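So the structure is just underneath, and the comments pick up after that.
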Amino acid sequence: MALAAYAAPVAAQEPPPSPPRLDESGAPPPQPLPEVDGKVELLFDLLVDAEGQVRQARLLECECEDDRREALALAAWEHLSSLRFLPARHQGRARSARLQYRVRFPSAHEAASDLATTNAATNERIRTTAPTTPKESELGGRGLREIKRGKRNGPFGAKATVKSRIAEQDPVSIGDQEIELGNLRRVPRSDAQSLLTLAPGILLTNYGGVGHPSTMYLRGFDAAEGEDLEMKLEGIPLNEVSNAHGHGYADTLFIMPELVRSLRVTQGPFDPEQGNFAVAGSAEYRLGLRKRGIHVLSAYGTYQRRRLALWWAPQGQSEGTFVGVSLQAGDGFGPNRAFANATAIGQYEGYLQGKKWRYRLLAFGAMGRWDNAGVLRADDFEARRLPCAGSQDAQFFCTYDPNQGGSSARVGISPSLRWQSANELAELGLFGMGRNLRVQENFTGFLNDPRTDGGAQRGDNLDQQYNATTLGFRSRYRRRWQWLDHEQYTEVGAYMRYDDADTAIDRRRRELNVPYATDFRRRIRETNVAAYLRSDLRLLEWFALSGGVRADMFGFHVRDRNRPAEDRLGPRLPYENSDAYGVALQPRGTLRFIPRPGLEWLVSAGVGARSSDAAALSQDEFAPFTRVTSFETGPLLRRAGSTSSRGIPSYKLEARSSIFFTRVERDLVFDANAGRNSLSGPSHRSGWMAFGRFAWRDWFDLQASLTYTRAHLPPEGASTFDLFAGPRLPFVPEWLARLDAAAQKEFQLWGQDWTLSGALGLAFVGRRPLPFDQYADPWFVVDASTGLRWRWIELSLIAENLLDARYRQAEFNYASNFNDPSSAPSRLPARHFAAGPPFQLMAQLTLHLDFDGRAKRPPSPAQHREETR
Amino acid sequence: MKTLRQSICVFTLLATTACAEEAGNALGLGGEGKGGELVVRAHGGKEAREGIASSAFVDGFAVRFTHFVLEIEDFVLETSEGENASVASDPVLVELVPEPALLYRFPAVATGRWDRVSFKSRAAVAGIRQAAPIEERIVTTMVERAYSTYMEGELSSPAGQVYSFALGFPVDVDYMRCTSGDGTSGVVIPRNGSVETELTWHLTHAFFDSFAENSSLRAEAWAAAGSGSVIDGAALATQNLASLRGLDGNLLDDTQGVPVIYIPPGGANTSTLLDFVLHARFGHFNGLEGFCQTDIRIRP
Amino acid sequence: MKTRTTLYATLPNPKASLGNFLLHPLATLGIMGLLASCSESSGTGGRQVVLPLQVVSRSEEIAAPRITSGGWSVQIESAALAFGPLYFYGPPRSTPNTPAFTPAPRRAHAGDDNLQMAPIMAEHLSPIALDLRAPEEIDAGDFLAKEGAVQSLSIVLDAPRANATQAADMTRGYSAWIAGRAEKEGRVLRFAGGIDFPDTPLKRRVDEVRVREGATFREGARVRLEVRPGAWLEQVDFDLLAASPAPPEGVYAIGAPSQFWNALFLGIRNPQSFALSIE
């Protein structure tokens, strides 16, 4: 590559300043990229040091597709780092200097020998710059532009900054992770919600059956089925407001795991974009299908579990274009656990004017029906009093009430539009959803029948119904600007959501399962309008500051349809309307210390809030919020090896650790005496987390995490910083460890290429604190899968709970009476549990039909070595 | 320079919004600040105005109240987090017959939900404020005999005979953690607005024959206790719960010929009809569907 | 040419000491976590203990004849009571939790069941049957209790269950059985019969059986429930009984409806018919 430069006449006494010159004798041309058609040119701003080495390369322009920018820039860096220059000289000394340099990758058909000439011609008119003193800046012609670098005239550490047109934000906290599934999707996980366990410190426990979301524990919170965790699908909010089953209930079970590209999990409320329910954090599912073609899956397993799935992604379309359909059913691993569900998701993603405009249309629909065995009293199990045939296992997996279960249906559509230029990015997304849910469960047996005539208890089977329509939009604008020689960002966002829901709970009689009383019946209309402002500022090379504020306003309208027909003054209408509103301001910020590229120390603080359940509000009430203040700090390390032509780095390493603390005001805590959530005053949740992930190309991927959490109810007058004051909250897991690993290997047999793959998931839950100063037993569950692929046929075996451990997945403490309804009821809180699933095995046949022949098999190790040479 | 100005603006905005609630209030968005008015009334329901019809009594009696006076004090608004609205509520005597009465008007109560509402009923004292003018003799009687509640009226038998009653209650009652009929706790004070809350006195409680749900209303034992005079506490004390007398002087039977029994609350040491009646707690909250936890002490 | 495998080179780090400083809380929390996880106590507060329950009759109250206010000398010849379950309550909590929302039951009266405010400390669900003329203590079995202060006891006067044959024999299938004679001025009335309580929770419950101030459930405590039948028949109008038609076999059968039944019902249901002590 030749570099043309223009020297300016200077005073006769001193040699003129000279820019760096490429030492062409040692400059190999860049290799063509097989995946790329036509030329690819990248324009860099280079910093060449006084030894003639390239120390810094900043990408200015890339005539390429957005999703290839990073890989191409990394490939270009491979070339640039091998270049040698004769350094710039000024006043007889070698100096570092900046210059613009264009790297051009030839197309496959161009001869490499033509490159030097071609590139020399291209670079003839490149401007160069060099550090000079003001008086000597005149060089004639195009001149040399002065650069004031302050203390930076000498050599300093190099970095390659690879930027797309406009960068998305950096992590707002150590607990903010964009988790690419990659090969870890092979680790057995039965549904999309289970993917959350890829983030450290998240425990899922299910007491409601397949089709009912699991209860989530993280950061010392019992987030229930979404009460404390904001859940989204491509920006579409999934938490359901004032759901009869639980305020914030979020069902992600309709998402096909095969279509999930990545998961962004943000633990803690540190990003101004996080909205309602982001008390313990947020999780967003991002869809995409990298492997194009048609994929057909058929599986059959123990307990009559069967699955048929079909998903396809047309060649020549982006990863964001795909369709998937899944049908599954099973008898369940014990009595009253049968299930059936179906889901369909499709998305089209297109571009206009190159990559300037991106449009997407996402649509989905799902239905499900399931039975639920419910919970068991520990004392009945230990005394073998349960109504199932006598073996230990029959007792462990027994059920009291066969009329438990549920059904769910949903449909949704979301168009979105994104526009971006060199320094701006704007997005607008609309969403609309319809939702039906019915959950029948019986926690207390025969205890809470409100009858007053002294008759026998009719039963506590609660029939919870929720039907809702949700409409809304989200929008954001992100702007890049320069200051202090760094790129700075300011972002603003707006959000609106409208829910129209009917919610009710009826009580059902044990005999004949007919409703006999209504606990409540309401229509709720709730509107949420929010806006946020954020700035991401890089103040120094090693220090950055991000922060912002979010404001949410809620309007509630409730129509209570279960009021009496008369009162003290006479007859009245059996309904009542009430309106309320609430406002929450939530500031959030992060300090980033970057001692070196790839290593950061983050300090994050933020306020999160959760809106009230509309049922608890009265007319004209200024709705209270559950408000949390969180803090987290720790290191983050990210490194990656060189990137192959297919954009796969030779290795990726990520390690992070943090301590975190949250103070919750007006906490809702389960009161065992009352049998329901009660306001209990503030609580403190704190802990420590360590996480690591290592991936070697796409052959091996290993991830491990360890988390320790505690939750306490501080006594009145305790300081905010007294983390462990007061009694401990039971059921919040203390130690959690998780390991996920996946590997694959190609080999030859009978003259054919085969690929063997395996995956392992280990979950350890340490002793969980229980009431009365007790601990629950720890449990350890192993999941594993193995697969063998020949051309387009893949056969897999998937095992869950490989060691067939018997463990109590969910534990509770409250009073119940599952004996004869006329017998003496127990009022003393007792321990209850839901059994974890036993060993289950599934055989799976998958056909990967790629008719263009390119993706028939994954690349061999030999191919990988070639690509990185 | 332009970008520097922009960034200073950004920093300033972030700094001022760091204290979210204060900033919200400053912007007029918060729930604190101006406060609202709370008006507390006492209401005797339709029984205070119209009495209790004979169709409501299993023994065919009817009741008309001429006076029902009660003492209320120590009206407290608190939250479950321990905050106190510090409303100044003096003791007040209020007549519920025939119209409801205003007990308190608290002009500037902090906005929000005060989910722990409590109040007390104690013996009337001399000089007590009267919500509306009350007959002097009633006030004097209540003060002298340390009554917290006093009622007068007439019973009408199925045969048309009228029996007068005048009964004072030397009891102290605490009403705590009141909830309304819709299940919400306490009261909500709106911002710069006014809200009314009501202590609903259910006057029929004096004539229930037990403290369980769906109890019956009876009055014959009252009428028989009077023996032709005004029925007062001393008269009711002559009726032994185990052997109640009817108007004919014999054991009181119901329409099926079953001896009537009044079943006292499970923790009450009661032997007479007076003991039984004194255990009655009349107060509801915001209508008959609302209720409070109660604690009662009967003074000897 | 060596392929660079790192994109980043090393810079001198002026802030390394800050990183060291911030690492200290990490280590502290980790060590505390390890130590805490080795502890046998989870820190959730409270403890459960198993306590024995002794039940006894104050039989001396009925061993000898008692004179009623009506001048009758009453001698109880046999008496038995079947009862249970028992619920023990602590003092009302000073800062009880407020429910965020409760489905509101419709009530006609002010609400009598104030036990919602008091935390339940223990329960004994097994039926108990007691021969009230026997002075011996009986062991009613162990029960699970929360350590802490106890204030009162509620006794539910459930009829003996079908499977509680011993109790049913003692009370002849009733909640209580009583037989004896009353004598006045040479007239002797013999009576016998059983009583069942109305099938409404509030009507068959004896509440507020108080224990002395400061009593607590704790390891090794002895819980003793005493039944005091002496005043059961205090309100019986034997003159009324004597005036009623003579029974065919000379024994007046006690049963609802009767004044005898009403008086016995009120007598048994009086909290002063029971005494609880915790030593």
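Applying the set (1) surrounded by fewer than 20 Cβ atoms within 10 Å (Cβ to Cβ); (2) part of a strand (DSSP E or B) to A:Phe431 leaves exactly one unmet item: (1). Looking across segment C:220-239, just one residue is open to solvent by 50 Å² or more (accessible area, probe 1.4 Å) and part of a strand (DSSP E or B), and that is C:Arg224. The criterion of at least 1 residues that are closer than 29 Å to B:Glu50 by Cβ is met, among strands (runs of 3 or more DSSP E) falling completely within segment B:81-177, by B:92-95, B:101-109, B:116-121, B:149-156, B:162-169. Of all the residues in segment A:518-568, those that are over 23 Å from the mean Cα position of the chain (by Cα), among the aromatic types (Phe, Trp, Tyr) and over 17 Å from A:Ser618 (Cα atoms) number 2.
Every residue, every condition in (1) over 19 Å from B:Val188 (Cα atoms); (2) modelled with pLDDT under 90; (3) open to solvent by 10 Å² or more (accessible area, probe 1.4 Å), yes or no:
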{"site": "A:Trp542", "(1), (2), (3)": "yes, no, yes"}
{"site": "A:Val549", "(1), (2), (3)": "yes, no, yes"}
{"site": "A:Thr590", "(1), (2), (3)": "yes, no, no"}
{"site": "A:Gly598", "(1), (2), (3)": "yes, yes, yes"}
{"site": "A:Pro635", "(1), (2), (3)": "yes, no, yes"}
{"site": "A:Gly641", "(1), (2), (3)": "yes, yes, no"}
{"site": "A:Arg646", "(1), (2), (3)": "yes, yes, yes"}
{"site": "A:Ala655", "(1), (2), (3)": "yes, no, yes"}
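Would you call C:Phe217 open to solvent by less than 10 Å² (accessible area, probe 1.4 Å) and under 27 Å from B:Val260 (Cβ atoms)? Taking the combined requirement at face value, the residue does not satisfy it.
Which residue out of A:Thr469, A:Thr503, A:Thr452 is assigned to a strand (DSSP E or B) and either at pLDDT below 90 or open to solvent by less than 40 Å² (accessible area, probe 1.4 Å) (or both)?
A:Thr503
Table: residues versus (1) open to solvent by less than 10 Å² (accessible area, probe 1.4 Å); (2) more than 23 Å from A:Tyr285 (Cα to Cα); (3) modelled with pLDDT of 95 or more; (4) out of contact with any helix residue (DSSP H, G or I) (no Cβ under 6 Å at 6 or more places or on another chain).
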position: A:Arg307; (1), (2), (3), (4): no, no, yes, yes
position: A:Phe333; (1), (2), (3), (4): no, yes, no, no
position: A:Lys356; (1), (2), (3), (4): no, yes, no, yes
position: A:Leu361; (1), (2), (3), (4): no, no, yes, yes
position: A:Arg385; (1), (2), (3), (4): no, yes, no, yes
position: A:Ser391; (1), (2), (3), (4): no, yes, no, yes
position: A:Pro402; (1), (2), (3), (4): no, yes, no, yes
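For segment B:192-209, a residue qualifies if it is more than 10 Å from chain A (Cβ to nearest Cβ), more than 15 Å from B:Val87 (Cβ to Cβ) and in a strand (DSSP E or B), and exactly one does: B:Phe208.
Beta carbons closer than 6 Å, at least 6 apart along the sequence or on distinct chains, pair a first residue in segment C:201-222 that is modelled with pLDDT of 85 or more with a second that is open to solvent by 60 Å² or more (accessible area, probe 1.4 Å) for C:Phe217/C:Glu147; C:Arg218/C:Glu147; C:Arg222/C:Glu279. Looking at segment C:254-267, is at least one residue assigned to a strand (DSSP E or B), away from chain B (no Cβ under 11 Å) and open to solvent by 30 Å² or more (accessible area, probe 1.4 Å)? No, that holds for no residue. Looking only at segment A:573-597, which residues are touching a strand residue (DSSP E or B) at 6+ places or on another chain (Cβ under 6 Å) and within 14 Å of chain C (Cβ to nearest Cβ)? If the condition is that a residue be touching a strand residue (DSSP E or B) at 6+ places or on another chain (Cβ under 6 Å) and within 14 Å of chain C (Cβ to nearest Cβ), then A:Glu576, A:Ser578, A:Ala580, A:Leu591, A:Arg592, A:Phe593, A:Ile594, A:Pro597 are the ones that fit. Only one of the listed residues (B:Gly35, B:Gly45, B:Gly51) is facing chain A (nearest Cβ under 9 Å) and modelled with pLDDT of 70 or more. That residue is B:Gly45. In segment B:180-191, what residues are over 11 Å from B:Leu38 (Cα atoms) and more than 8 Å from chain A (Cβ to nearest Cβ)? Once the filter is applied, which keeps residues that are over 11 Å from B:Leu38 (Cα atoms) and more than 8 Å from chain A (Cβ to nearest Cβ), segment B:180-191 yields B:Ser185, B:Gly186. When restricted to residues that are in a loop (DSSP other than H, G, I, E, B), touching a strand residue (DSSP E or B) at 6+ places or on another chain (Cβ under 8 Å), touching a residue at least 60 places away in the same chain (Cβ under 8 Å) and not small (Gly, Ala, Ser), segment A:41-71 contains 2. Between C:Pro198, C:Pro229, the distinction of being under 24 Å from C:Ala80 (Cβ atoms) and at pLDDT 90 or above belongs to C:Pro229 only. Of the candidates A:Phe812, A:Phe724, A:Phe772, A:Phe764, the single residue that is in contact with a strand residue (DSSP E or B) (Cβ under 6 Å, 6 or more places away or on another chain), of a type in the set (Phe, Trp, Tyr), part of a loop (DSSP other than H, G, I, E, B) and closer than 19 Å to A:Phe221 by Cα is A:Phe724. Exactly one residue among A:Val375, A:Val411 is open to solvent by 10 Å² or more (accessible area, probe 1.4 Å) and β-branched (Val, Ile, Thr), and that residue is A:Val411. Across segment B:50-64, the number of residues qualifying as assigned to a helix (DSSP H, G or I) and under 11 Å from B:Phe207 (Cβ atoms) comes to 1. Within segment B:135-149, if we keep just the residues that are open to solvent by 20 Å² or more (accessible area, probe 1.4 Å) and touching a residue at least 12 places away in the same chain (Cβ under 8 Å), the residue that is nearest to the chain's Cα centre (by Cα) turns out to be B:Tyr147.
Counting only residues that are in a strand (DSSP E or B) and surrounded by fewer than 21 Cβ atoms within 10 Å (Cβ to Cβ), segment C:190-205 holds 3 of them. Does A:Thr633 fit the bill of being within 8 Å of another protein chain (Cβ to nearest Cβ) and under 30 Å from A:Ala711 (Cβ atoms)? Considered against the rule, which asks whether it is within 8 Å of another protein chain (Cβ to nearest Cβ) and under 30 Å from A:Ala711 (Cβ atoms), A:Thr633 comes out as yes. Among the residues of segment B:257-295, which ones are open to solvent by 20 Å² or more (accessible area, probe 1.4 Å), at the interface with chain C (Cβ under 8 Å from one of its Cβ atoms) and at negative phi? Once the filter is applied, which keeps residues that are open to solvent by 20 Å² or more (accessible area, probe 1.4 Å), at the interface with chain C (Cβ under 8 Å from one of its Cβ atoms) and at negative phi, segment B:257-295 yields B:Val258, B:Ile261, B:Gly267, B:Asn269, B:Ser271, B:Arg281, B:Leu288, B:Glu289, B:Phe291, B:Asp295.
Counting the residues of segment C:238-253 that are among the aliphatic types (A, V, I, L, M) and more than 12 Å from chain B (Cβ to nearest Cβ) gives 4. Scanning segment A:506-517 for residues that are assigned to a strand (DSSP E or B) and farther than 18 Å from A:Gly406 by Cβ, we see that the one that is farthest from the chain's Cα centre (by Cα) is A:Tyr516. Look at segment B:165-179: where a residue is in contact (Cβ under 8 Å) with a residue 40 or more places away in the chain and closer than 8 Å to B:Lys120 by Cα and a partner is among the acidic types (Asp, Glu) and open to solvent by 20 Å² or more (accessible area, probe 1.4 Å), sitting 6+ places away or on another chain with Cβ atoms under 9 Å, you get B:Asp172/B:Asp295; B:Val173/B:Asp295; B:Asp174/B:Asp74; B:Asp174/B:Asp295; B:Tyr175/B:Asp295. Please verify whether C:Arg204 is away from every other protein chain (no Cβ under 14 Å) and under 18 Å from C:Gly84 (Cα atoms), treating the condition exactly as stated. Here the answer is no, as C:Arg204 does not meet what is asked. Residues of segment B:244-265 that are charged (D, E, K, R) and within 31 Å of the chain's Cα centre (by Cα): B:Arg245, B:Asp254.
The values are calculated or read from the model by the stated rules, or taken from the named source; none is laboratory data. All values derive from a computational prediction rather than experimental measurement. Here Cβ is always computed from backbone atoms with ideal geometry, including for glycine, and neighbour counts include all displayed protein chains. Each accessible area value is taken on the protein alone, full model and side chains, heavy atoms only, with ligands, DNA and RNA left out. Shrake-Rupley method; radii C 1.70, N 1.55, O 1.52, S 1.80 Å.
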